[in-house]
Amino acid sequence: MNPELPGGVTLADVWQARRRIRAQADNTPLRYSPYLSQRYDAKVWLKLENLQPTGAFKLRGASNMIAALLEQYGPQRLQAGVITASTGNHGRAVAWAARELGIPATVCLSSLVPANKVAAIEALGAEVCRCGDSQDEAFETVDERVTSRGQVAIPPFDHPLIIAGQGTLALEILEARPQLDMVFAGLSGGGLLGGIGLVMKQLSPRTEVVGVSLSDGAAMWHSLQAGKPVSVPETPSLADSLGGGIGLDNRHTLALVCATMDSHYQVPETAIARAMVTLLEQEKMLLEGAAAVGLAAIEHHRIPIAGKEVALVLSGNNVALETFDRARQEQAQDADL
Ligand SMILES: *Cc1c(COP(=O)(O)O)cnc(C)c1O
């Protein structure tokens, strides 16, 4: 046990989350990849979070937080419903979990969020509120409504219950592969990486925790360098789920990621495109860019994984076909050079 870890989350919180979310989020398969294992002379395992009912791991954190609020306050306090701002997958997860638990949900989305993700959230019965041109403006709308309407905010990453929920996937990985050498996960706000890091540092300190961010617009990268939360301009990416800031008032994930992440890489769009195409071609899995960044990092930075047992978190599958076409074109142009 390591009581020194910052972030306000304990291993006990992750175990509790696991019990709470059992009815709503799946224990997804950890599938061996013969192709990638051979290609890198390693044992490569794929954690298939793309198979969650909402298509991404975010269902873990959202389910944990909403279920915990219900336990703590009862349905009366949650009558006005829950509200969130999200680049897509978190909003979808909140909508799904709220519906499952019988609570109304509102999702505030900036104009950057692609139409397919908006439609998916509306289809889940949530009220969608289009507000502003950035994630930050969407967050402001959430704050307004919390005050004016008494709705309860479900933050996308910076909350102990969210981090604990995401951490449950690391428990599952370790149960299946206790000798794991490395785990790769996409890193944006840090709920996912923080949850994984928290579990690994305490249950399997030998496992190297690797975070992968975008080359451009990676707020976490610059915040770690600055030693405090900073905001950077958002840029469109094939991995749109990795866009957005970490919140200038970040309280949990920055410190936790800083304390538990062993290596950090950035990946350019061409590498993400190539990894997306490889995963479709070889694994027959259609994934969003954010889910492909682990493989993109291994390829782009030639990370030595030979002889190692490695898990890649395939974090989600919410990709529009036009976006995938863009990835294919980018990959084809890159291959021509
Ligand atoms: C949210 C998300 C991430 C990054 O998770 P953070 O907790 O924000 O770091 C990675 N992949 C997918 C598919 C996501 O939806």
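Derivation of every value follows stated rules applied to the coordinates shown; laboratory data play no part. Treat the numbers as computed from the prediction; the structure is a model and nothing was measured. Every residue, glycine as well, gets a Cβ built from its backbone with ideal geometry; the counts of neighbours run over all protein chains shown.
Quick notes on this one:
- Compared with the dominant principal axis of the Cα atoms in the chain, helix 11-21 is inclined by about 70°.
- Rounded FRET efficiency, nearest 0.05, which uses the C-beta distance separating Q225 from A176 and R0 of 25 Å: 0.15
- In terms of packing, defined here as the mean over residues of other Cβ atoms within 10 angstrom, the peptides 122-131, 246-255, 19-28 line up highest first as 246-255, 19-28, 122-131.
- Gaussian network model of the chain, springs between alpha carbon atoms under 10 Å - residue of R302, R99, R177 with greatest fluctuation: R302
- In straight-distance terms, cross-link reach from K308 covers every one of the aspartates and glutamates whose alpha-carbon lies under 18 Å from its own, apart from those fewer than eight places away in the same chain; here that gives D41, E175, D181, E208, D262, E299.
- For the chain, the relative contact order comes to 21 percent (Cα pairs under 8 Å, sequence separation of at least 6).
- Å³ per residue enclosed by the Cα convex hull of segment 182-286: 98 Å³
- Taking 0.36 nm per residue of separation and subtracting the Cα-Cα distance, full extension of the segment from S111 to R19 would add 29.5 nm.
- Largest-first principal axis extents, alpha carbons of the chain, Å: 56, 45, 38
- Highest mean packing first, where packing is the average number of other Cβ atoms within 10 Å per residue, the peptides 263-270, 102-109 line up as 102-109, 263-270.
- Remark: for residue pairs K43/K201; K58/K201; K47/K228, the C-alpha separation exceeds 25 Å in K47/K228.
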